[in-house]
Amino acid sequence: MNRLSSYIYAATAMLLVAAVFTGCRSSKGTVSSDGYPSISGQPTVTAVSPLKSITDNYRDWTDVSVPVTLRLVSPKNMSVSARARMVRGRCIDLSFRMLGFEVARVWLTPDSVVAASRPKKVYLAESLSKLTSGLPINLDNLQDMLMGRPFIPGGSTVTLADSAAMRLDNSSGSLRLLPRRQHPMADYGYVLDLPSVVTALAVVAADHGVSFTASYSGPEPITTAGNVMDNVALDIDTPRGAYAAEVSWKWGSARWNDMIAVDPPATAGLRRVTSAQLMKIIKEL
């Protein structure tokens, strides 16, 4: 069980890094379009607004409970299963169990991140704003990122009403949805596969030498929330190394809008560790 707990903590560390785009602090420089992934072939021509084609496939949701598998690809290769519970804009909760016992929890709210493991007798607790290091990323954004939906940093899911704030670009051979005004710390954008799919999110902080990509596959259109993605591949390239992980959702077993209540993990009797110590676990496995 201790070995499994170590795997879970390694996967948790990867998710935390992915969730905050490594907390880069530099201002952005000139970013080449090569920083964005491309899709082969020419963009699909459509008479309908591409943004409308994407957003018409989304539905509002309040909460969901769904099985998920997390796989750490690099620098280690391991996978763990969990049940994810998300309340829109309020929490992301991952519960890892073995033989009917919970061996770890990861809990994110608009204010904080808590990761706890009773078998290892440790927990991490950080403010979300500290981990994001000034990037305007909120919990709605993290939920959208994990589900394969475009979002406005600090806001919510992109809608047709955001047309004035976004622009389309196909100069690189792929159709991309980009903000008209980039954030000073990093450039970001989405790759589209029309009529209704976002295939990737890319974030590039050139001055800091950091790039982050979330690549999506397996669109699942028939859910209560509309279109969601089955698989999310997370890749981070930093001066300290490259990391990769995958998130595989089992949306066919999801329960939507059940008004679920999720309590934070208990940390009494556990030793608190830092995010740096948590990341170190990956190298020690």
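The values are calculated or read from the model by the stated rules, or taken from the named source; none is laboratory data. Note that this is a predicted model, so its numbers are computed, not measured. FYI the Cβ positions are ideal-geometry reconstructions off the backbone, even for glycines, and counts take in every protein chain you see. We work out accessible area using only protein heavy atoms, side chains counted, and drop any ligands, DNA or RNA first. Shrake-Rupley method; radii C 1.70, N 1.55, O 1.52, S 1.80 Å.
Would you point out the residue of segment 65-94, among those that are among the small types (Gly, Ala, Ser) and under 19 Å from ASN141 (Cα atoms), that is surrounded by the fewest Cβ atoms within 10 Å (Cβ to Cβ)? Before the answer, list the steps.
First, the residues of segment 65-94 that are among the small types (Gly, Ala, Ser): 65, 74, 79, 81-82, 84, 89.
Narrowing the set further to residues that are under 19 Å from ASN141 (Cα atoms) leaves 65, 84, 89.
Values: SER65: 18, ALA84: 20, GLY89: 13.
Filtering segment 65-94 for residues that are among the small types (Gly, Ala, Ser) and under 19 Å from ASN141 (Cα atoms), the one surrounded by the fewest Cβ atoms within 10 Å (Cβ to Cβ) comes out as GLY89.
If the condition is being among the hydroxyl-bearing types (Ser, Thr, Tyr), out of contact with any Lys or Arg (no Cβ under 6 Å at 6 or more places or on another chain) and open to solvent by less than 40 Å² (accessible area, probe 1.4 Å), then segment 152-178 contributes only SER174.
If you go through segment 236-251 and pick out every residue that is open to solvent by 30 Å² or more (accessible area, probe 1.4 Å) and either small (Gly, Ala, Ser) or without any contact (Cβ under 8 Å) to a residue 24 or more places away in the chain (or both), you end up with 3. Taken together, the residues in segment 137-174 that are assigned to a loop (DSSP other than H, G, I, E, B), within 15 Å of the chain's Cα centre (by Cα), in contact (Cβ under 8 Å) with a residue 60 or more places away in the chain and within 19 Å of SER49 (Cβ to Cβ) amount to 2. Scanning segment 96-108 for residues that are of a type outside the set (A, V, I, L, M, F, W, C) and buried (at least 18 other Cβ atoms within 10 Å of the Cβ) yields a single hit, ARG105. Among the criteria (1) over 21 Å from PRO136 (Cα atoms); (2) modelled with pLDDT under 90, the one ASN227 does not fulfil is (2). Among the residues of this structure, ALA276 does not count as one that is touching a Pro at 6+ places or on another chain (Cβ under 9 Å), at pLDDT below 90 and more than 24 Å from VAL158 (Cα to Cα).
Could you tell me whether THR62 is open to solvent by 30 Å² or more (accessible area, probe 1.4 Å), at pLDDT 90 or above and β-branched (Val, Ile, Thr)? Don't jump to the end; show me each part of the working.
On the way: open to solvent by 30 Å² or more (accessible area, probe 1.4 Å): yes; at pLDDT 90 or above: yes; β-branched (Val, Ile, Thr): yes.
Criteria met by THR62.
Kindly evaluate ARG149 against the criterion of being surrounded by 15 or more Cβ atoms within 10 Å (Cβ to Cβ) and of a type in the set (Lys, Arg). Considered against the rule, which asks whether it is surrounded by 15 or more Cβ atoms within 10 Å (Cβ to Cβ) and of a type in the set (Lys, Arg), ARG149 comes out as yes. Taking residues in segment 98-113 that are without any contact (Cβ under 8 Å) to a residue 24 or more places away in the chain, and partners anywhere that are in a strand (DSSP E or B), the pairs with Cβ atoms closer than 6 Å and at least 6 places apart or on different chains are GLU102/SER95; SER112/SER127.
Going by the structure shown, is SER117 farther than 26 Å from ASP56 by Cα and surrounded by 17 or more Cβ atoms within 10 Å (Cβ to Cβ)? I'd like the intermediate steps shown before the answer.
Details: farther than 26 Å from ASP56 by Cα: yes; surrounded by 17 or more Cβ atoms within 10 Å (Cβ to Cβ): yes.
For SER117, the condition - farther than 26 Å from ASP56 by Cα and surrounded by 17 or more Cβ atoms within 10 Å (Cβ to Cβ) - is met.
Pairs linking a residue in segment 252-273 that is β-branched (Val, Ile, Thr) and part of a strand (DSSP E or B) to a residue that is modelled with pLDDT under 90 and buried (at least 16 other Cβ atoms within 10 Å of the Cβ), with Cβ atoms under 6 Å and 6 or more positions apart or on different chains, are VAL273/VAL122; VAL273/LEU124.
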